[in-house]
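Working notes, structure below.
What follows draws every value from the coordinates through simple rules; no lab data is involved. Values in this document were obtained by computation on a predicted structure and should not be read as measured data. Cβ placement follows ideal geometry from the backbone for every residue including glycine, while neighbour counts extend to all protein chains displayed.
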Amino acid sequence: MKPHKNALRISFIGIALVFFISNTYAQTKQLKRPKSSVGISSVDNFVTQSFDIYDKVYKYDGYAAAGTPLDDDDIDVLEDALDDLQGLSDSAPDILGDIDGTSVLKQAKATLQINKAKKALKYSIKTAKELLLGQRERDKKEDDSGNTSTSEEGSSNSSGTTNGNNDTAEEVNTNISDNLEIYSKFDYVPGDKLLFFDNFSQDFVGDFPSKWNTNASGEVVKISNKGNWFELKTGYGVFYIPDVKDLPEDFTIEFDLLTKGINQQTSSTARFYVILSDNDQFKDGVEHYAKISIPLGQYAAFAFRARNYFNRNGGSINTDIKADVRKAVLNQPHIAISVTKKRFRLWVNETKYIDIPRFIEQENVLKYLKFHLNNLKDGQEHLYISNLKVAKGGVDLRRELISKGKISTNGILFDSGSANIKPQSYGIIRQISQVLIQDENIKLNIIGHTDSDGNDDTNLKLSKSRANAVKEALIKVYKISGDRLQTEGKGDTEPVDDNNTTNGKAKNRRVEFVKI
């Protein structure tokens, strides 16, 4: 028998054996899904399905780390995942015959991806069982080679990060163990006054969203484990306009994108446009507009495009900005835009790609926000948007904290039902750290608040965990001493707006910083 075939058979036997392994511990560093396919359908399907299940289990493991209890729907998802894992393991030996006879390079690539899938399956099986039994342990983690090592998250905390609420760093560390240097330099800060928010939770699936307008079509869809999203349709001259009617001089825009069916065959001209316009008609603008487009194609690194147009005379900027966002496009990127008078900046996740100081040539004329999608294959390639947030910029949080001794922000965002801080929130935390670094005598109380979704006890615990997460970020990312920080959780007991609306809920989900 050929050596490579022996090796592959051993690998698959290993997959079957993982059902009997009981010494695997929680991993806090998320495994990365293979970037490209092998070209052998059975192997590609095996790898894809393994990581699809892995992503589900990893999410619920994060909930456990944050102290969030599983509800009935969560348990159903995990039970289904275990059934799927058993089926995947049973089907593994059938893949061997499909690998035989292929090229050496393809065999090698298949072996590597199968090994990654095996590691994902090993983690998923053990973790799903422990979560269902309420026996999840997080005192060790696996490194990239699959070896276990002692984790700082499970060890005693020598920096005083355990507080009187018994919420330890273990609950909140998992999302700040990587890319600390990137987070520490991330300078996006959202506006301080919310103007518009829509996550489509109040819309019926299949309907066009109630707070938008279009000259074409589109619908709200529910995506498993990701909530409601608005699917935009591709087409020349098609525009989608949220009910944002009077953009101020300084403002920020944030949203999440999700793609489906985007691949190496996607057109090089496939683009998603964000347009700032002087009118609410179905066109770029009449006398003034500024627009950027995000490339969606995958077979090469395509540039961002920025173009402005003012006073019917054209504009001074029509630029291609080199970048490679192919990986980000496939992995639910978060887009953040900041307009400060004439300056326009754009981030994809934590990376700033556009910073044009005089893109907005004439201030106070661009009052409307529009979106446009072009050159996707209808019915095959899809783009969805959610969590659109538009806020008025203005107050420097650092100055307000120093002068008033207290600030409140809903710009620090967390994963749903979790204390995992979203990376785009680190611009605000960075500002708080700058105040603490400037004046070493300042001590802060960090207070977490939630909306009213869920029961009171869960919300109280979640708000405490989120306050602790912000404290841990200040300690780990910005090296602030833990003895200068206290935490508190108020749950949903002190709302500042109506919890029956999406805008109101977004305002109620906030973090306060109060000088002690």
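Name the long-range amide H neighbours of Val325: under 5 Å, sequence gap of 5 or more, or other chain; modelled H, no Pro or chain starts.
Answer set, sorted by chain and number: Phe302.
Residue by residue through the range 355-372, which ³J(HN,Hα) values in whole Hz follow from phi under the Karplus form 6.51 cos²θ - 1.76 cosθ + 1.60 (θ = phi - 60°), with glycine and proline marked x?
These are the phi-based 3J(HN,Hα) values: 8, 10, x, 10, 5, 8, 5, 10, 7, 6, 10, 9, 10, 10, 10, 9, 10, 8 Hz.
Between Gly491 and residues 5 or more places away or on another chain, which pairs have amide H atoms under 5 Å apart, with H built 1.01 Å from N, and which residues are they?
Placed amide hydrogens put Thr450, Ser463, Lys464 under 5 Å from Gly491.
Rank-order 204-210, 225-231 by packing density, defined as the average count of other C-beta atoms within 10 Å over each peptide's residues, highest first.
Per-residue Cβ counts within 10 Å, averaged per peptide and sorted highest first, yield 225-231, 204-210.
In whole Hz, with x marking every Gly and Pro, tabulate ³J(HN,Hα) for the range 239-256 from phi via Karplus 6.51 cos²θ - 1.76 cosθ + 1.60, θ = phi - 60°.
10, 10, 10, x, 7, 10, 10, 8, 4, x, 5, 10, 7, 10, 10, 9, 6, 9
Would you calculate the separation in nanometres between label points at Arg399 and Lys377, each defined as 7 Å from the Cα along the Cα-to-beta-carbon direction?
Modelled inter-label distance: 5.3 nm.
Under the 0.36 nm per residue contour assumption, what length would be gained going from the current alpha-carbon distance of Val496 and Gln281 to full extension?
74.0 nm
Give me the number: length gained by fully extending Ser408 to Asp246, i.e. 0.36 nm times residue separation minus the C-alpha to C-alpha distance, one decimal in nm.
55.9 nm
Please compare each pair in Lys443/Lys479; Lys327/Lys370; Lys59/Lys422; Lys193/Lys222; Lys56/Lys352; Lys341/Lys505 to a cut-off of 21 Å on the Cα-Cα distance and tell me which ones are over it.
Checking Cα-Cα distances, Lys327/Lys370; Lys193/Lys222; Lys56/Lys352; Lys341/Lys505 exceed 21 Å.
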